[in-house]
Amino acid sequence: PILHREAPGVPVFDLFSDAPAFDAEASAYLLAAYRGSMPAGAVFLAVVDPGVGSPERRACAVRADGQWFVGPDNGLFNVVAMRASALEWWDVPWTAAQLSATFHGRDLFAPVAARIARGDAPPGTQHDPATRLRTGWPADLARIVYIDRFGNAMTGLRAVVLGTDDRLTFGTYTVGHARTFSDVPEGSGFWYENANGLVEVAVNRGRADRQFGLAVGSSISIAEDGVP
């Protein structure tokens with residue numbers, strides 16, 4: 001309701017209503033992959049905020065390669081920022097007229113996102129992005145970051161960093177690459193490049209999460225060119 005009230009006529013799309021709970025790092029790699037489906041000038045309202053209400057957690061608005069990101073400054077936008085060619089960063093003050101302790105998505109971030117979507121400047125103070133970026137994060141994350149309703153397991157790895165001869169290992173299981181589901185027998189596991197460029201683990205007509213015991217946070221390793 002806040003977005004429709006504050007930015008009437010601006011279309012709203014729900015990318016993920018079930019982003020990894022409490023896991024800003026996993027969500028950061030997911031967000032960085034899925035931003036590519038949205039146009040320049042798009043405003044992303046993103047809230048994975050286990051530190052909501054605490055004085056240590058800043059709020060921020062980030063412009064990365066022409067797209068805007070509004071939400072908590074807890075690493076959620078770190079991967080987007082790491083990969084950006086052009087980057088600007090604002091600290092957003094907690095100045096909402098009515099600001100609850102635990103619902104900043106509604107009371108703080110949504111009004112700021114609506115303001116930017118209307119064409120207004122973000123509130124707050126602009127900072128050098130280098131002072132806000134978290135260091136030491138890998139370019140790609142070798143763990144599961146999302147499980148969809150079919151049991152397919154997305155990783156934080158971009159498919160461009162793997163070769164088609166590479167295999168993925170998790171626990172006692174190892175799978176090779178396939179282009180699509182029908183390329184392997186029913187019940188067989190494989191990895192493939194999903195529609196947003198991420199490496200995803202799947203089972204033809206099955207659930208990879210159950211068959212391989214995968215969950216958000218599960219680590220994976222890569223056997224390059226088929227050599228363990």
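The values are calculated or read from the model by the stated rules, or taken from the named source; none is laboratory data. Just so you know, these numbers come straight off a predicted model, no measurement behind them. In this analysis, Cβ positions are derived from the backbone assuming ideal geometry, glycine residues included, and neighbour counts consider all displayed protein chains. With ligands, DNA and RNA removed, areas are computed over all heavy atoms of the protein, side chains included. Shrake-Rupley method; radii C 1.70, N 1.55, O 1.52, S 1.80 Å.
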Problem set entry | Cβ-Cβ under 6 Å pairs, at least 6 apart or on other chains, the range 166-194 side β-branched (Val, Ile, Thr), far side modelled with pLDDT of 95 or more and assigned to a loop (DSSP other than H, G, I, E, B) | 184/178; 184/204
Exercise. Taking into account only those residues within the range 127-151 that are under 21 Å from residue 19 (Cα atoms) and over 16 Å from the mean Cα position of the chain (by Cα), which is surrounded by the most Cβ atoms within 10 Å (Cβ to Cβ)?
Worked result: 151
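For the range 39-61, give me the residue count where each residue is open to solvent by less than 50 Å² (accessible area, probe 1.4 Å) and either among the β-branched types (Val, Ile, Thr) or outside any strand (DSSP E or B) (or both). First the steps, then the outcome.
Restricting attention to the range 39-61, the residues satisfying the condition of being open to solvent by less than 50 Å² (accessible area, probe 1.4 Å) are 41-44, 46, 48-49, 51-54, 57, 59-61.
Pick out the ones that are also either among the β-branched types (Val, Ile, Thr) or outside any strand (DSSP E or B) (or both) and you get 41-43, 46, 48-49, 51-54, 57.
Number satisfying all stated conditions: 11.
Go over the candidates 46, 21 one by one and state the one that is under 10 Å from the mean Cα position of the chain (by Cα) and of a type in the set (Gly, Ala, Ser). Walk me through how you get there before you give the answer.
Numbers: 21 fails: under 10 Å from the mean Cα position of the chain (by Cα).
Just one listed residue meets the conditions, 46.
Does residue 143 satisfy the criteria of being charged (D, E, K, R), at pLDDT 95 or above and part of a loop (DSSP other than H, G, I, E, B)? Give the derivation first.
Details: charged (D, E, K, R): yes; at pLDDT 95 or above: yes; part of a loop (DSSP other than H, G, I, E, B): no.
When the stated conditions are applied, residue 143 does not pass them.
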For this session: For the range 154-208, enumerate the residues that are charged (D, E, K, R) and more than 12 Å from residue 221 (Cα to Cα).
Result: 158, 165, 179, 183, 186, 193, 200, 205, 207
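In the range 152-178, what residues are in a strand (DSSP E or B) and open to solvent by less than 30 Å² (accessible area, probe 1.4 Å)? Spell out the reasoning first.
Initial filter on the range 152-178 (in a strand (DSSP E or B)): 153-158, 167-170, 173-175, 177.
Matches in the range 152-178: 153, 154, 155, 156, 157, 168, 170, 175.
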Seminar exercise, completed: Checked the range 189-226 for anything open to solvent by 60 Å² or more (accessible area, probe 1.4 Å), part of a helix (DSSP H, G or I) and modelled with pLDDT of 95 or more; matches are 210, 211
Problem set entry | Within the range 97-126, tally of residues that are open to solvent by less than 60 Å² (accessible area, probe 1.4 Å) and assigned to a strand (DSSP E or B) | 0
Exercise. Quick one: residue 34 ticks every box in (1) among the hydroxyl-bearing types (Ser, Thr, Tyr); (2) within 19 Å of residue 83 (Cβ to Cβ); (3) free of Cβ contacts under 8 Å to residues at least 24 places away in the same chain bar one, so which box is it?
Worked result: (3)
Problem set entry | Criterion violated by residue 45 - all others in (1) farther than 26 Å from residue 155 by Cβ; (2) aliphatic (A, V, I, L, M); (3) touching a residue at least 60 places away in the same chain (Cβ under 8 Å) satisfied | (1)
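Go over the candidates 68, 90 one by one and state the one that is more than 30 Å from residue 209 (Cβ to Cβ), touching a Pro at 6+ places or on another chain (Cβ under 7 Å) and part of a strand (DSSP E or B). Walk me through how you get there before you give the answer.
Values: 68 fails: touching a Pro at 6+ places or on another chain (Cβ under 7 Å).
Selected residue: 90, the only one of 68, 90 that is more than 30 Å from residue 209 (Cβ to Cβ), touching a Pro at 6+ places or on another chain (Cβ under 7 Å) and part of a strand (DSSP E or B).
Considering every residue within the range 180-188, establish whether at least one is at negative phi, in a strand (DSSP E or B) and at pLDDT 95 or above. Walk me through it before giving the result.
Step one: filter the range 180-188 for residues at negative phi, giving 180-186, 188.
Next cut, in a strand (DSSP E or B) only: none.
Within the range 180-188, not a single residue is at negative phi, in a strand (DSSP E or B) and at pLDDT 95 or above.
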Exercise. Within the range 63-96, can you find the residues that are open to solvent by 50 Å² or more (accessible area, probe 1.4 Å), out of contact with any Gly (no Cβ under 8 Å at 6 or more places or on another chain) and not acidic (Asp, Glu)?
Worked result: 63, 82, 83, 85, 94, 95
